Amino acid sequence: MAIRVIQLLVALLFFAGDLYFAQAQSINIVDENGKLIVRTDVLLTGGTTYLSTEALRLVFDANLTQKYIPLTKKLILTLGGRQIRLRINVNSIRIESPGQDVSLPYPPLLFERKPFLPIEFFTQLIPRIYEFDVSYNATLRRMQVIEKSSQFTDSGPDQFTVIIDLGHGGKDTGCYQDSILEKDLVLRLAERIQMESLDKAMKILLTRDSDTTLYAKDRIRFANRKKEAKLFISVHCNMSFSPKRKGLEVYVNNARSNLLKIGSNPDKDSETNDRFALLKPLSQDHFLESSRQLAAVLKSRFENILGQKVSVFELPLNMIQNIYMPAVLVEVGYLSNPVDLKRLKGDQFFSQISVAILQAIEEYQEIFMTENNLDSVGTEVQ
């Protein structure tokens, strides 16, 4: 009896030790061009790399559902409309519709009561469910997702593609005043911008064109997969406890800043900035100066057309920190301010904002062409 108890304890210590010595790290998940989609935490244990099921939600299916049954250790995932049945610490996996049995070299496991999937789940099973090839470089700690057949439409060499992101939507109303909802106002504005761009040398893509719910990860995924896109502009309405706060504001993502108003020195060396540099996202870090340039152009156009002062701020923005292109967030007015609210209800103000944004895009396009040594139709100048 004593020997069996000792054997059981040794087995438990071995299993616990495997998880105890697991190393928590992070990897980058990138697209076919090496552009960052998301950075996610991983677990190194048992001879392979494990990702939480949240990685599936972030990269492949925002509508992922999962059910874990502790008694039987069964994990049921619904991914891409197909049900996948797994069991913790068991290598075999069942993919329904049509029925397929697959065996992985490493089983799923439970860590801190959360299910983790081996990297082989992504590299071997995802291509069976989606039109993606997935590879993993352990040395670079990088997973690459490549679409087997491109879903992108060529916008043409003479079109400058811009993504207009509409804040909120669906069950997320955003801020509101009386019966005026932010999600409805920004949809109306975005549709106007898109309509008025039709006779210009640009293409406007909307993250949503109806009243649908979109999470930040959906917007990030949409933007980073549009490889032809050059700019990302997220439009919102503001709200304040003070009815005196009013006007337009433009925000730039800067993870090194708590709240930096343009005019101060964002790159001044300091212990605080060094500390925030550790949290600086890879994607927007690369485009910080271009995003500042876009914000400056927008500020100039808004002030010229609307005849009012516009402030530009820098601060960490979760919404756009993983967007792999120059990106800004525009607050077009305060619903809590009676003057702003009245203007936002009318067509004239929306028309002015649309014109200002389109003119800013055209001005930035000229800057982009000059800096990249391109002519007016996007051909490199020899």
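Readers should treat all values here as calculations from the given coordinates under stated rules, not as data from a laboratory. Everything quoted here is computed from the prediction, not taken from an experiment. Backbone-built Cβ (ideal geometry, glycine too); neighbour counts: all protein chains shown.
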Segment 160-371 pair-distance distribution - Cα-Cα, 10 Å bins, rounded %:
8, 35, 39, 16, 2
Using the count of nearby Cβ atoms within 10 Å as a rough guide to exposure, how do SER197, SER52, SER291 rank from fewest to most?
SER52, SER197, SER291
So, with points 7 Å from each Cα along the Cβ direction, the THR65-GLN83 label distance in nm works out to 1.0
For GLU196 and PHE111 in the same chain, what is the full-extension length gain: residue separation times 0.36 nm, less their Cα-Cα distance, in nm?
25.4 nm
Backbone N within segment 208-231 under 18 Å of label point (7 Å from ASP172 Cα along the Cβ vector)
208-225
Which far-off residues, 5 or more places away or on another chain, put their amide H under 5 Å from the one on ARG208, with H placed in the peptide plane?
LEU166
Segment 21-147: relative contact order from alpha carbon pairs under 8 Å, six or more residues apart, as a whole percent, is 21
Please state the charge dipole magnitude for segment 132-245, taken about the Cα centre, from unit charges on C-beta atoms (+1 on K and R, -1 on D and E), reported in debye and rounded to the nearest 20.
540
Segment 158-236: C-alpha gyration tensor shape, a/c 1.5 cut-off, then a/b vs b/c:
oblate
Starting with the highest mean, order 76-82, 66-72 by the number of other Cβ atoms within 10 Å, averaged over the residues of each peptide.
76-82, 66-72
Would you mind calculating the gained length between SER179 and ASP133 on full extension (0.36 nm times residue separation, minus the Cα-Cα distance), in nm to one decimal?
11.9 nm
Percent of Cα pairs exceeding the 17 Å cut-off, where the set is segment 60-129
37
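Taking the inverse of the average 1/r across all pairs of different Cα atoms in segment 21-147, what Kirkwood radius in Å do you get? Could the numbers behind the result be given before it?
On the way: mean 1/r = 0.0678 Å⁻¹.
About 14.8 Å for segment 21-147.
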Under the 0.36 nm per residue contour assumption, what length would be gained going from the current alpha-carbon distance of ARG245 and HIS286 to full extension?
11.5 nm
